[in-house]
Every structure is written in structure tokens, then in C-alpha cells.
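> This is the structure I have questions about; it appears just below.
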Amino acid sequence: MTDSLTIRRPDDWHVHLRDGAMLEAVVGHTARQFARAIVMPNLTPPVTTVAAAQAYRERIIAALPEGADFTPLMTCYLTNNTDPDEVRRGFEAGVFTACKLYPAGATTNSDSGVTDVANIRGVLEVMAEIGMVLCVHGEVTSADVDIFDREAVFIERTLAPLLKGLPDLKVVFEHLTSEEGVQFVESAGANVAATITPQHLHINRNAMLVGGMRPHAYCLPVAKREKHRLALRRAATSGSPKFFLGTDSAPHAREAKESACGCAGIFNAPFALESYLSVFEDEGAIDHFEGFASENGPRFYGLPMNEDRVTLERAQTEVPEAIKADGTQLVPFHAGEKLRWRFLG
Ligand code: DOR
Ligand code: ZN
């Protein structure tokens, strides 16, 4: 039995670091485990320009704890009016690493998102030309589509036709949650990959709804039936280079989650690696963990791999019921549970 695991330092290819006091409270958790992270642009107002991304990057760096070695990789929030030249300029200047497509209304702060991908055709053509990654929140928003089907319908109605028209566009299907999503990514070309969160590997929709409504298990896309969780576990641990780590850590104050209209998002940054590693161990795939956590992401993004190493040891980690932040509390993923790995750094 492996009692200690040393791997190339991982990156988080999808995280919400927020802004202001919440940024200060959460960024250290991500920087402790990860060398780099793809930072989501869904602030209010959203990060839609090179100047806004540069300023946000500076605020993130200023909020890092003393001595942290962490590089935020910035993304451009696409709207119906995004200027292709702004995207090209930001990418060429090394400010934007990727663009983020939020279908309008799909999730937190997505109101300024895209109402029809036809509206961003010019942007997507430029991205395909310069080899820039499109990060996709893959859910339709039509009222007539059941929330548990929104990912599968997005593939059918939006993503498959989009890739037919732009077959070279690099796409990361973010926070994959369904068997249909796994099948789509597996059968697509090498230019299509996906991130998978820890929560979608651990929980199915029962965690949200059995024995009472559990807002801390609610995120978007929502956790689905057990067969989808199993498909995600198979994909993540398979060794395929198309799947990599993206926590989607999305902190919301406790009172905003425990509310008549609770916010979507799970704060998993503090124990992300411990959480993922237990899944790989249970699936008998510890030897594929480094690829998922540290190699497949940089390879897909065309970035160098990290050269330093981190170690996890087999030791009980108690996850606190809550973590203080911004004058309130954040309830972390696995709150009150004991995990069987510990991140040593
Ligand atoms: O659960 C989620 N929370 N999903 C998202 O897509 C956005 C995120 C947030 O920003 O809170
Ligand atoms: Zn997200």
C-alpha cells in the first residue's frame, strides 16, 4: 500500500477566486496546493477587457499570503459584444490564457453572457486561428429543458454544431457532469478536453436532496444520477489525457448558501488534492493521478509543466465544519468528514 505520494506540483484549471475581502480569504487555499490556476472572470462587473484582467491579476497577486509561489492565469468573459481584436491582443500580450463562454443566465453572474454562439462567431474564429482555449460552461438555459438534462442538450444543440463549423477550436468542457459529456469528449478530436471537479466524483444528486435540502452540495451544473458519477470516475481515472483537474471551487458566504434561494457553488479549495486522491485510490488508479492533476492540463493548454514536487501522505485529515472568511463563514466540501490523505506541500 502506498503511504506517501510525491508528484509534480498540480494546477487548478478552473477556479473562482472572487474579489476584495473574499479573494483575500480564499486565494491562499488555492495557492497552497496549486502552482497555477485558470481564474474565472464572473465578477461583478465581469472581466471582459485586457485592462480589467490585468488589474484583477494584480489584485490576486497582492492578496497572496507571504512567500506564496502562484501564478493566476486570466480568462476573458465573453459577451455578445466581445471584440475579436481585444481577445487577440490580450492573448498575444500574455494577459488572457483563455476565454470563458457562459450561456447567458446559466449560473452565478452570467447575465452578461452569450445569448447565442452565432453572436461570437468572429471571436471564435480568431481563437481557432491563434490556438487559444475556449472554456465552456456547457448548459443550455431554455426554460423548457430540465435542469438535469441541460448538459446533454447543450452538446446536441450548441457544442457539436459549433465544433463542426470550427473543427480546430480548442475547447475545455468545464466541470463535466454527465455520461453524455464523457462520451462526447472521448469521441471528439484531440482539441477537445474536459475538467472534472472533486464533488462530481464524490456525490450524486441524492447528496443534495435526501433527508432534507443540502445547499452545500448544490453547484452548477448540478450533480446528477449515480451512473453519471460513475462515468466521470472512470474518465478521470482512466489515464486519458483529455481529462484533467479543475476544482470549480466557488465560495459563497454561509448565509448566501443557506437561504430560500441558495447560491450555486461548492468551496473545495482547502482539501482539493486530498479529495481527488481518495477517488483515484478507490478506483485503483493512483498511478494515473499525476497525469490528471499535473500533466494533462499544461499539455492541453500548451504550457510548461511545473518542475517542483508536492507530497501527500496517508494520514487522517479532519475537514472543519466551517472556515472563517470575510467576516462570515465558508462551509467547505467534505465539512465534518475525515479524509485519509494529507497534503504536506
Ligand atoms: O456552482 C457554480 N458556482 N457554478 C458556476 O458555474 C459558477 C459558480 C460561482 O461562481 O459561484
Ligand atoms: Zn465555475
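> Select from the stretch 37-59 the residues that are away from ligand 2 (no atom under 16 Å from the Cβ) and either surrounded by 23 or more Cβ atoms within 10 Å (Cβ to Cβ) or in a loop (DSSP other than H, G, I, E, B) (or both) and list them in ascending order.
Pass one, the stretch 37-59, residues away from ligand 2 (no atom under 16 Å from the Cβ): 45, 48-55, 57-59.
Passing the criteria: Pro45, Thr48, Thr49, Ala53.
> Is it the case that some residue within the stretch 278-288 is touching a helix residue (DSSP H, G or I) at 6+ places or on another chain (Cβ under 8 Å) and closer than 25 Å to His137 by Cβ?
yes
> If we scan the stretch 88-96, do we find a residue that is buried (at least 17 other Cβ atoms within 10 Å of the Cβ) and not hydrophobic (A, V, I, L, M, F, W, C)?
Yes, the stretch 88-96 has at least one match.
> So which residues in the stretch 74-99 are part of a loop (DSSP other than H, G, I, E, B) and more than 11 Å from Gly122 (Cα to Cα)?
Leu78, Thr79, Ala93, Gly94, Val95
> Another question, if that's okay. So is Ile203 of a type in the set (A, V, I, L, M, F, W, C), at pLDDT 95 or above and away from ligand 2 (no atom under 16 Å from the Cβ) or not?
Yes.
> Pull up the stretch 239-297, narrow it to residues that are surrounded by fewer than 21 Cβ atoms within 10 Å (Cβ to Cβ) and among the hydroxyl-bearing types (Ser, Thr, Tyr), then point me to the one that is nearest to ligand 1 (Cβ to nearest atom).
Among those that are surrounded by fewer than 21 Cβ atoms within 10 Å (Cβ to Cβ) and among the hydroxyl-bearing types (Ser, Thr, Tyr), it is Ser259.
> Another question, then. Is it the case that the stretch 18-27 has a residue that's out of contact with any strand residue (DSSP E or B) (no Cβ under 9 Å at 6 or more places or on another chain), within 30 Å of Val331 (Cβ to Cβ) and not in a helix (DSSP H, G or I)? First the steps, then the outcome.
Keep residues of the stretch 18-27 that are out of contact with any strand residue (DSSP E or B) (no Cβ under 9 Å at 6 or more places or on another chain), which gives 18-20, 23.
From what's left, within 30 Å of Val331 (Cβ to Cβ): 18-20, 23.
Within this subset, residues satisfying the condition of being not in a helix (DSSP H, G or I) are 18-19.
So far as the stretch 18-27 goes, yes, one or more of its residues are out of contact with any strand residue (DSSP E or B) (no Cβ under 9 Å at 6 or more places or on another chain), within 30 Å of Val331 (Cβ to Cβ) and not in a helix (DSSP H, G or I).
> Would you pick out the residues in the stretch 67-109 that are farther than 23 Å from Arg9 by Cα, among the small types (Gly, Ala, Ser) and within 16 Å of ligand 1 (Cβ to nearest atom)?
The answer is Ala104, Gly105, Ala106.
> Shifting gears a bit: Quick check on Leu176: is it without any contact (Cβ under 8 Å) to a residue 40 or more places away in the chain, crowded, with 21+ Cβ neighbours inside 10 Å and either more than 30 Å from Asn206 (Cα to Cα) or out of contact with any Cys (no Cβ under 9 Å at 6 or more places or on another chain) (or both)?
no
The values are calculated or read from the model by the stated rules, or taken from the named source; none is laboratory data. All values reported here derive from a predicted model rather than from experimental measurement. Every residue, glycine as well, gets a Cβ built from its backbone with ideal geometry; the counts of neighbours run over all protein chains shown.
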